[in-house]
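The values are calculated or read from the model by the stated rules, or taken from the named source; none is laboratory data. The structure displayed is predicted, hence computed values, not measured ones. Backbone-built Cβ (ideal geometry, glycine too); neighbour counts: all protein chains shown. Heavy atoms of the whole protein, side chains included, go into the accessibility calculation; ligands, DNA and RNA do not. Shrake-Rupley method; radii C 1.70, N 1.55, O 1.52, S 1.80 Å.
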Amino acid sequence: MKYDYLIVGSGLFGSVFAHEAMKCGKRCLIIDKRSHVGGNVYCENKDGINIHMYGAHIFHTNNRKIWDYIKTFADFNQYVNSPLANYRGELYNLPFNMNTFHQMWGCRTPSEARTIIDGQKRQYGSCVPQNLEEQAISLVGEDIYKKLIKGYTEKQWHKDCTELPAFIIRRLPVRYRYDNNYFNDRYQGIPIGGYNKIIGRLTLGADIEINADFNKNRDFYRNTAIKIVYTGPVDEYFDYTLGELEYRGLRFETQYMEMENYQGVAVMNFTDRKIPYTRVIEHKHFEFGTQPVTYVTYEYPCNYKRGQDAYYPINDGKNQKLYNEYKMLTIKEDNVLFGGRLAEYKYYNMDQVINSALKISENELGRIDGE
Ligand code: UDP
């Protein structure tokens, strides 16, 4: 065998694992079925603007260890994500905070906002929310739920809010302060020089094959390395023998515009159900770009079919149960490690993916430097 590890998928999980393995002197082959490395953090530079080809990626974490780790591969700028929600032309600040409450109801103080929300959530006041709708109304009341959450969520997930798990909406802070920072995390920013630079540094020293589909050439690839690190969809690895897990897909349409500034903000969410896209991203604002032109990407949620790019695991009861059955199979699989958003079927943020990759590498390779 030529390699110690075959790493299937060159996103953050695979790249971090490869880096840790190479630090221990292991020989790594990384393969990716796309025509580039980097998974969904991959960017293309056009006119000096880094375009996030697979949706906006804003790095944020509360974990000091992960922040210190990622900063060894790039410096980060001071970008703070402060998206706007556009509901039929009305603009609201996100996440849900005193600015949003003022825009929605004209109230000025936290106690006025609380009184309104308490009045609107009354029906859900005492019970534990059982689904996304109950959770949303109990956090921010009916008006915000109807204008800023219901339409967006149902087009994003293609399910009724009553069928979705409550945790999805708890990703967003609710604040009784005038503060439009979308994240509560202590550390946040965009890597200076782009995400490709991080991936390039993480994978330095590994052999890399692109346009290489593991699931179509398993016999060949199994003979290349002693162990495999698999980061693709877990059900695909097992040939869907237990059934198909559901994922949500995305489609992106990017437009070049001959103007300096199109929407004045990096992320604008369109929360009306009738508008087919969920977000418009103006990439230059992630890096405070001053170029004379701009690029915007419309993000359309779409159904996922086998073999296409899977973006979001749908962690409802039915899918979670099926994933748990696949998880039992992964445990029995000799010489294969499974990790990342698709192999672990978890709605991970980037820092959580890195954390998972470091934990699995540590288990596999022994103690990691600096801990
Ligand atoms: N969400 C919403 N309205 C918004 C933004 C988000 O209802 O304007 C809900 C929606 O259900 C979404 C969830 O909050 O799936 C999580 O949003 P986040 O921005 O974290 O999603 P991601 O960036 O991972 O796509």
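The residue of the range 40-75 that is most open to solvent (accessible area, probe 1.4 Å), among those that are within 18 Å of the chain's Cα centre (by Cα) and more than 17 Å from T297 (Cβ to Cβ), is N62.
A search for C-beta distances below 6 Å between a residue of the range 211-237 that is open to solvent by less than 30 Å² (accessible area, probe 1.4 Å) and any residue that is among the acidic types (D, E) and outside any helix (DSSP H, G or I), counting only pairs 6+ apart in sequence or on different chains, returns D235/E244. Just to be sure, is R114 of a type in the set (D, E, K, R) and open to solvent by 40 Å² or more (accessible area, probe 1.4 Å)? Yes.
Looking at Y187, Y195, which one is out of contact with any Ser or Thr (no Cβ under 6 Å at 6 or more places or on another chain), within 27 Å of Y69 (Cβ to Cβ) and surrounded by 17 or more Cβ atoms within 10 Å (Cβ to Cβ)?
That would be Y195, the only listed residue that is out of contact with any Ser or Thr (no Cβ under 6 Å at 6 or more places or on another chain), within 27 Å of Y69 (Cβ to Cβ) and surrounded by 17 or more Cβ atoms within 10 Å (Cβ to Cβ).
Taken over the range 321-371, the criterion of being among the β-branched types (V, I, T) and either within 25 Å of the chain's Cα centre (by Cα) or buried (at least 19 other Cβ atoms within 10 Å of the Cβ) (or both) is satisfied by T330, V336, V353, I354, I360.
Count, please, the residues in the range 262-297 that happen to be within 17 Å of H57 (Cβ to Cβ) and hydroxyl-bearing (S, T, Y). Show your work before the answer.
Narrowing the range 262-297 to residues within 17 Å of H57 (Cβ to Cβ): 265-269, 278-289, 295-297.
Narrowing further to those that are hydroxyl-bearing (S, T, Y): 278, 295, 297.
So the answer is 3.
Filtering the range 207-245 to residues that are aliphatic (A, V, I, L, M) and over 25 Å from the mean Cα position of the chain (by Cα) leaves A225, I226, L242.
Can you name every residue in the range 169-205 that is among the hydrophobic types (A, V, I, L, M, F, W, C) and away from the ligand (no atom under 12 Å from the Cβ)?
If the condition is that a residue be among the hydrophobic types (A, V, I, L, M, F, W, C) and away from the ligand (no atom under 12 Å from the Cβ), then I190, I192, I198, I199, L202, L204 are the ones that fit.
Report, by residue number, each residue of the range 272-296 that is touching a strand residue (DSSP E or B) at 6+ places or on another chain (Cβ under 6 Å) and hydrophobic (A, V, I, L, M, F, W, C). Across the range 272-296, the qualifying residues are V280, I281, V296. For the range 254-277, filtering for residues that are away from the ligand (no atom under 16 Å from the Cβ) and either open to solvent by less than 70 Å² (accessible area, probe 1.4 Å) or hydroxyl-bearing (S, T, Y) (or both) leaves 5. Exactly one residue among E163, E154 is acidic (D, E), within 22 Å of the chain's Cα centre (by Cα) and at pLDDT 95 or above, and that residue is E154. In the range 56-168, counting only strands (runs of 3 or more DSSP E) that sit wholly within it, the ones holding 2 or more residues that are within 12 Å of the ligand (Cβ to nearest atom) span 84-87, 90-93.
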